[in-house]
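To start, the structure itself, in structure tokens.
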Amino acid sequence: MKKILVLEDEANIRSFVVINLRRSGFEPIEAENGMMALEKLKVNPDICLALLDVMLPDIDGFEVCRRIRATGSKMGIIMLTAKDQEIDKVTGLMTGADDYVTKPFSPAELTARVDALIRRLGIDDEKASNEIVSGPFLLNTRNRTLEKGGQRLKLTQIEYLLMRLFMENPGKAMSREDILAAVWGSDFTGELKTVDVNIRRLRIKIEADPTEPEFLTTVWGYGYKWGY
Ligand code: CA
């Protein structure tokens with residue numbers, strides 16, 4: 001999970017930001033003053049983006065920004081400025097901030113800016129690890145989709161979990177018991193036949209000839225294997 005520093009002295013704004021970042025899948029690191037923010041940055045070198053309020057009880061947000069940049073850090077920095085502090089925007093961008101958001105802002109606006117900056121800075125390193133490629137297949141584990149040769153295949157949730165299990169274990173023979181436990185959960189009490197039924201359906205979707213499977217092959221008397 002990407003860590004985002006939230007520097008804001010007003011507790012209610014800070015918790016509003018924190019809740020919304022968490023909801024969007026980020027890990028917020030909170031600081032209520034400038035010195036605390038610098039301290040948190042030292043302890044969490046993997047923070048990839050900072051939201052810096054300008055007006056703070058100790059050193060202001062611009063100073064924090066300047067000090068972050070002075071360390072050579074390329075992390076994303078978004079300043080949180082008050083409504084009519086036009087001058088702040090200019091100062092902020094001059095001290096090395098990447099963007100600014102004017103208070104009051106909506107959760108949607110904030111996360112849109114954060115996402116945009118992460119994309120722009122190319123720190124969206126999770127993209128690659130969200131994708132499993134095997135032969136003509138591309139499985140995206142973030143939006144749970146499967147493509148074959150660039151064509152989207154519609155899968156049920158069970159079929160998706162089966163594909164994921166197989167594509168994560170290429171060449172490995174898996175027993176029907178293992179498959180049942182991995183996909184349906186170890187407390188599932190259904191029959192092993194459930195596995196066969198779902199594999200048959202999945203083959204119809206992914207194989208050119210489901211009776212002569214090329215990818216999802218049978219291991220006789222045992223189970224199945226991603227044979228590609
Ligand atoms: Ca403030």
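So if I place +1 on the C-beta of Lys and Arg and -1 on the C-beta of Asp and Glu, and nothing else carries charge, what would the dipole magnitude of the stretch 130-226 be about its Cα centre? I want it in debye, nearest 20.
Computed charge dipole of the stretch 130-226: roughly 280 debye.
When N is the residue count of the stretch 130-226, what does its C-alpha Rg come to as a fraction of 2.2 N^0.38 Å?
Scaled against compact globular proteins, the figure is 1.01.
What distance in nm lies between label points placed 7 Å from Cα along the C-beta direction at A108 and M55?
Inter-label distance under the simple model: 2.8 nm.
Using +1 at the Cβ of each Lys and Arg and -1 at the Cβ of each Asp and Glu in the chain, identify which of I13, I123, G171 lies farthest towards the dipole's positive end.
G171
For a test of the definition: using alpha carbon positions, the gyration tensor, and the 1.5 limit on a/c, classify the stretch 3-126 as rounded, prolate or oblate.
Because its axes are fairly even, with a/c under 1.5, the stretch 3-126 counts as rounded.
So what is the relative contact order of the stretch 130-226, in percent, for Cα pairs below 8 Å that sit 6 or more residues apart? Could you put the intermediate results ahead of the total?
On the way: 120 pairs, mean separation 23.2, N = 97.
Averaging sequence separation for qualifying contacts and normalising by length gives 24 percent for the stretch 130-226.
Determine the relative contact order of the chain: mean sequence separation of Cα pairs under 8 Å and six or more apart, normalised by residue count, in whole percent.
It comes to 11 percent, rounded to a whole number.
So which of K74/K103; K2/K225; K154/K225; K40/K103; K2/K172; K74/K148 end up more than 29 Å apart, counting from Cα to Cα? Spell out each step's value before the answer.
Numbers: K74/K103 25 Å; K2/K225 34 Å; K154/K225 21 Å; K40/K103 24 Å; K2/K172 32 Å; K74/K148 37 Å.
Flagged as over cut-off: K2/K225; K2/K172; K74/K148.
Taking a temperature of 37 °C and a viscosity of 0.692 mPa s, what whole-number D in µm²/s does Stokes-Einstein yield for the chain with Rh from Kirkwood over alpha carbon pairs?
Diffusion coefficient, whole number: 158 µm²/s.
Within the stretch 179-204, what residues put their amide N at less than 19 Å from the label point 7 Å along the Cα-to-Cβ vector of L153?
Only 179-180, 183-184, 195-204 fall inside the zone, counting backbone N under 19 Å.
Given Cβ point charges of +1 (Lys, Arg) and -1 (Asp, Glu) and nothing else, what value in debye, to the nearest 20, does the dipole of the chain about its Cα centre take?
700 debye
Counting other C-beta atoms within 10 Å, which of T95, T81, T211 has the fewest, and how do the rest follow? Could you put the intermediate results ahead of the total?
On the way: T95 19, T81 24, T211 7.
Lowest to highest Cβ neighbour count: T211, T95, T81.
Coordinate-derived values only; no laboratory data. Since we're looking at a predicted model, the values are computed, not measured. Please note: Cβ atoms are built from the backbone with ideal geometry, for glycine as well, and neighbour counts cover all protein chains shown.
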